[in-house]
Each structure stands twice: as C-alpha cells, then as structure tokens.
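To keep things clear, I will list the structure first and then write my remarks on it.
The values are calculated or read from the model by the stated rules, or taken from the named source; none is laboratory data. Note that the structure is predicted; figures quoted are calculated from it, not measured. Every residue, glycine among them, receives a Cβ derived from its backbone with ideal geometry; neighbour counts consider all protein chains shown.
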Amino acid sequence: MPKHTVFLRNHALPAAVELEFDETATVADLIAAFERSGVVMDVDTSIFVDEADAPHDASPDATIAGLRRGSHVHATKCKKIDVAINFAGETANHRFAPGARVRRVKAWAVDKFGLTPHDAAEHVLQMCGTTRRPSSDTPLDELTDGRTCSVCFDLVPEKRVEG
C-alpha cells in the first residue's frame, strides 16, 4: 500500500513532525500520531489538512480526505483565524482557515486594498508591532499562540530606499 510523508503541526510541537501514513489513514491514526508526539487531543481540537477551509470529519474511522505526499496536517483549537491587515491608514479584516499560508493572506490583502502588481511585489506582511516578516509559506496557525485565534499584520514596503 502506498505511503505518504506528511507533516504534523501543532503549537505543542517545536517543529513539524514528519511521519509516513498509508493512503487509507484514518482520523484515529492521525490522533494517535499527534498524541505520540505529545499533543493533547480533546473534543475542542480540530484537524485540518493543508489549507482546507473546514475541519476534517472527526469520526475516528473516517479516512483522511485530501491526504497526499507532503500534506501538512494541523491539530488546532482554532476553526478560523481572524486576520487584521493595516495599510495606508486603513484596516481590513478577514477570517482564514488555520492552515492558510501567509501568501494567501497577502493575495487577499492586495486585492482588498487594490494594489497594482508592481506595488504588491514591493510589499510584505509584517506582524503588527514587530519587525517579524513570516515567510510566504508559513501557515497562520503557527503565528498564533494556540489560544487566541487572531493575527495582525501591517502591509509594509519590503525595502525602503532613502535618497
């Protein structure tokens, strides 16, 4: 039976845990893998595969839909992440799935604020009140504390040229 290398993600883990699962892996298999890795799974914890907008069916014998090689499986208490983005004196808010990547958030912000492709290429998302600029492939749930399901970004120029 073919196996897929997948990455388990949760706030209790210092880094993603790489494991192999059969293509017929069940929710029970994932829960067991998370628990072996030290993650406490309870009724408030949901499982998301990659950037899925809704949590996976929680039935223990349900096969994991969408599981493929390289999938990132998120165990989180956040069913959605509330994102606030500040740009040019305005704030836009949107809710994203926990596995949504920073690049998806930026694309939404670029559209929302009406940036040209040229301007979009020159701006990055920076965590509010910090100088932290998460990479575009960072899932949103990694940017939360595991209890607060929100993130704030400023859309800022990537590089300021003084002259």
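Just a few scattered comments:
- Checked against the criterion of being closer than 15 Å to Ile85 by Cβ, part of a loop (DSSP other than H, G, I, E, B) and either modelled with pLDDT under 95 or not charged (D, E, K, R) (or both), the candidates Gly163, Gly146, Gly129 yield just one match: Gly129.
- Against the test of being over 30 Å from Leu19 (Cα atoms) and among the charged types (D, E, K, R), the options Asp145, Asp111 yield a single qualifying residue, Asp111.
- Residues within the range 14-36 that are free of Cβ contacts under 8 Å to residues at least 40 places away in the same chain and exposed (fewer than 15 other Cβ atoms within 10 Å of the Cβ), tallied: 10
- Residues in the range 63-94 that are touching a Phe, Trp or Tyr at 6+ places or on another chain (Cβ under 8 Å) and polar (S, T, N, Q): Ser71, Thr76, Asn86.
- Residue match in the range 89-97 (condition: closer than 15 Å to Leu8 by Cα and out of contact with any Ser or Thr (no Cβ under 6 Å at 6 or more places or on another chain)): no
- Test: residue in the range 97-106 that is more than 15 Å from the chain's Cα centre (by Cα), more than 27 Å from Thr45 (Cβ to Cβ) and free of Cβ contacts under 8 Å to residues at least 60 places away in the same chain: no
- Conditions (1) acidic (Asp, Glu); (2) in a helix (DSSP H, G or I); (3) surrounded by 12 or more Cβ atoms within 10 Å (Cβ to Cβ); number of the one not met by Asp111: (3)
- The residue that is surrounded by the fewest Cβ atoms within 10 Å (Cβ to Cβ), counting only those in the range 86-96 that are in contact (Cβ under 8 Å) with a residue 12 or more places away in the chain and not charged (D, E, K, R), is Ala88.
- Residues in the range 47-85 that are part of a strand (DSSP E or B) and buried (at least 17 other Cβ atoms within 10 Å of the Cβ): Ile47, Phe48, Val49, His72, Val73, His74, Ala75, Thr76, Ile81, Val83, Ile85.
- Test: residue in the range 91-98 that is of a type in the set (A, V, I, L, M, F, W, C) and in a loop (DSSP other than H, G, I, E, B): yes
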